[in-house]
Ligand SMILES: NC(=O)c1ccc[n+]([C@@H]2O[C@H](COP(=O)([O-])OP(=O)(O)OC[C@H]3O[C@@H](n4cnc5c(N)ncnc54)[C@H](OP(=O)(O)O)[C@@H]3O)[C@@H](O)[C@H]2O)c1
């Protein structure tokens with residue numbers, strides 16, 4: 001099969017479009033013929049090995065796994081021993097090992113049936129970013145909650161706007177593209193390039209921009225919650241994680257950080273919203289698999305509206 005691989009950390013120039021032996025599904029695993037692969041910020045971090053702290057998980061000196069990409073939609077090619085939920089020919093989507101390839105293996109629990117109404121590209125763009133948006137807002141947003149999404153035009157942010165709206169929240173989008181945010185259902189928008197952030201919010205999702213925490217706290221209600229989702233350019237070692245160590249012992253404001261978890265329930269929630277068309281990824285552009293370097297370069301510029309997708 002054809003696949004994107006790399007044997008060292010670095011920028012897009014380390015990527016190779018290679019011929020590899022077809023992978024095989026082990027016990028409890030499913031082999032998927034990839035029809036589309038979502039391009040996620042995680043792929044860029046794993047490619048570059050930045051922040052360096054991430055190398056503890058992915059290989060200290062060089063990447064342990066040469067493959068890249070997590071999100072995929074495709075057709076089941078074969079199933080390993082003990083797999084009961086899927087058979088060859090089923091249309092599925094979810095999180096796989098190395099989605100930037102013609103074939104990829106996934107744990108059975110990391111796949112769900114693709115809703116018939118969802119396109120391959122839409123489904124491939126959904127898993128990681130949509131699960132992150134749900135995890136960021138679950139139990140925090142309901143009817144009338146005032147939510148501010150910083151970085152509302154990107155992969156996670158554009159879905160967070162839709163998730164918050166589907167929960168009945170009043171959503172303010174801080175974005176460089178207010179028109180795009182309005183098209184997603186944001187109640188109002190602030191162009192952070194030209195306007196100051198104003199207002200009072202029950203929940204702030206800090207997805208981009210890495211503003212000083214004290215600035216964000218001033219926008220938070222006395223019992224509000226600041227959710228640290230991410231933000232690029234925070235330093236080569238820790239990637240800005242140090243921002244999340246907020247010490248405020250006498251405050252009723254809450255400060256939360258999390259890593260999105262791919263569980264069967266989380267994937268089913270994504271599938272249900274795709275089926276009902278209540279939260280739908282916007283795919284700005286599709287690249288061919290052999291153009292993965294261009295897609296990652298495009299994403300790392302931070303200007304993508306919604307998501308990018310690779311197709312073999
Ligand atoms: N915690 C987790 O489990 C988890 C999961 C997934 C991703 N993440 C992290 O979350 C972050 C966002 O991921 P993503 O996939 O959404 O990336 P992305 O598609 O590149 O979106 C990032 C967005 O940040 C916004 N931004 C840039 N400068 C800004 C500024 N000065 N003020 C406000 N917003 C600004 C831009 O929003 P506009 O387009 O609106 O201008 C951009 O679209 C990344 O750091 C990623 O690593 C964390």
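List of remarks:
- Volume per residue that the Cα convex hull of the chain spans, once the total is divided by residue count, Å³: 128
- Mean residue ellipticity at 222 nm, helices only, the chain: -6500 deg cm²/dmol; runs of at least 4 DSSP H residues each add -39,500 (n - 2.57), and the sum is divided by the number of residues.
- Evaluated on the range 129-257, the Kirkwood hydrodynamic radius is 14.4 Å, with distances taken between all distinct Cα atoms.
- For 130, 1, 70, 299, order by how many other beta-carbon atoms lie within 10 Å, fewest first: 1, 299, 70, 130
- Axis of helix 155-166 versus longest Cα principal axis of the chain: the two differ by about 60°, to the nearest ten degrees.
- Counted by neighbouring Cβ atoms within 10 Å, the residues 255, 100, 93 run from fewest to most as 255, 100, 93.
- Build a GNM of the chain with springs between Cα atoms under 10 Å apart, and of 163, 213, 280 the one that fluctuates most is 213.
- Between the alpha-carbon centres of the range 269-304 and the range 153-177 there is a gap of 16 Å.
- GNM remark for the chain: springs join alpha carbons under 10 Å apart, and the peak mean-square fluctuation among 155, 230, 168 falls on 168.
- Highest-fluctuation residue, 106, 36, 54 considered, GNM on the chain with Cα pairs under 10 Å: 54
- Taking Cα atoms only, the orientation of helix 127-137 departs from the longest principal axis of the chain by about 30 degrees.
- Sorting 79, 24, 270 by the number of Cβ atoms found within 10 Å of their own Cβ, with the fewest placed first, yields 24, 79, 270.
- The angle between the Cα long axis of helix 264-276 and the main principal axis of the chain comes to about 80°, on a 0 to 90 degree scale.
- In terms of overall dimensions, the C-alpha atoms belonging to the range 1-141 reach 46, 39, 26 Å along their principal axes, ordered largest to smallest.
Every read-out reported here was derived from the displayed coordinates using simple, explicitly stated rules and does not represent laboratory data. Nothing here was measured: the structure is a model prediction, and the numbers come from that model. A quick note on method: Cβ atoms are made from the backbone with ideal geometry, for glycine too, and the neighbour counts reach across all protein chains shown.
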